[in-house]
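The values are calculated or read from the model by the stated rules, or taken from the named source; none is laboratory data. On a predicted model such as this, the values are computed, not experimentally measured, just so you know. Positions of Cβ are backbone-derived with ideal geometry, glycine not excepted, and every protein chain shown enters the neighbour counts.
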Amino acid sequence: MKKEIIKKLKDFFSSEDNQILAGKPATDEQIRNAEELLGVKFSEDYIEFIKLFGGAYAGLDIHAFENGKALGKETVIELTGNMRISHPEVKDTYVISDDGAGNPIMINSKGEVEIFYHDSGEVETLAASLSEFIEENFEPW
């Protein structure tokens, strides 16, 4: 991830009002276990983000293992598992969020951020990477 984005996020989470939007940083063990369980390799951007901020808000809620208190408790493992139960045709992705209407936002094996429209079954690429997605969507309050 770009240093400017990391600094912007760190500054945002350093505010007392915003601390509930950042979770506990992910450990290497949590990452390895999740990748093995889900049969995926997390993108470098996602790993860097969750190792710095855990599950945190960055223009949308980005779930990991221990999310910020304002995000809810669903982990990337649970979100991905639920997606695979309801839509087993979607493979080689992991779900990090949703759009507020129940459409999962996920990262594919190329590191691209995608949205899965559950009503139509269509997949749309939102950004080439998590870093690009955050850069386009994060606006501090």
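Listed values, structure above:
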item	result
Scan of the range 99-112 for residues that are of a type outside the set (S, T, N, Q), free of Cβ contacts under 8 Å to residues at least 40 places away in the same chain and out of contact with any helix residue (DSSP H, G or I) (no Cβ under 8 Å at 6 or more places or on another chain), ordered by number	Asp99, Gly100, Ala101, Gly102, Lys110, Glu112
Per-region count, the range 7-47, residues in contact with a helix residue (DSSP H, G or I) (Cβ under 7 Å, 6 or more places away or on another chain), part of a helix (DSSP H, G or I) and surrounded by fewer than 17 Cβ atoms within 10 Å (Cβ to Cβ)	2
Subset tally (residues that are assigned to a loop (DSSP other than H, G, I, E, B), within 19 Å of Phe138 (Cβ to Cβ) and of a type in the set (Gly, Ala, Ser)) for the range 73-101	1
Count of residues meeting criterion [of a type outside the set (D, E, K, R), within 19 Å of Pro104 (Cβ to Cβ) and either in a helix (DSSP H, G or I) or without any contact (Cβ under 8 Å) to a residue 60 or more places away in the chain (or both)] in the range 120-141	11
Of all residues in the range 67-83 being closer than 16 Å to Asn33 by Cβ and not aliphatic (A, V, I, L, M), the one that is surrounded by the most Cβ atoms within 10 Å (Cβ to Cβ)	Thr80
Matching option when the condition is under 16 Å from Glu112 (Cα atoms) and either aromatic (Phe, Trp, Tyr) or buried (at least 18 other Cβ atoms within 10 Å of the Cβ) (or both), among Ile50, Ile62	Ile62
When residues of the range 29-75 are limited to those that are touching an Asp or Glu at 6+ places or on another chain (Cβ under 7 Å) and hydrophobic (A, V, I, L, M, F, W, C), the one modelled with the lowest pLDDT	Leu71
Complete set of residues in the range 93-105 that are out of contact with any Leu (no Cβ under 6 Å at 6 or more places or on another chain) and under 17 Å from Lys73 (Cα atoms)	Ile96, Asp98, Asp99, Gly100, Gly102, Pro104, Ile105
In the range 78-92, residue modelled with the lowest pLDDT [restricted to those that are more than 14 Å from Glu114 (Cα to Cα) and of a type in the set (A, V, I, L, M, F, W, C)]	Ile85
Candidates Ile96, Ile115 - the one that is in contact (Cβ under 8 Å) with a residue 24 or more places away in the chain and either surrounded by 11 or more Cβ atoms within 10 Å (Cβ to Cβ) or among the hydrophobic types (A, V, I, L, M, F, W, C) (or both)	Ile96
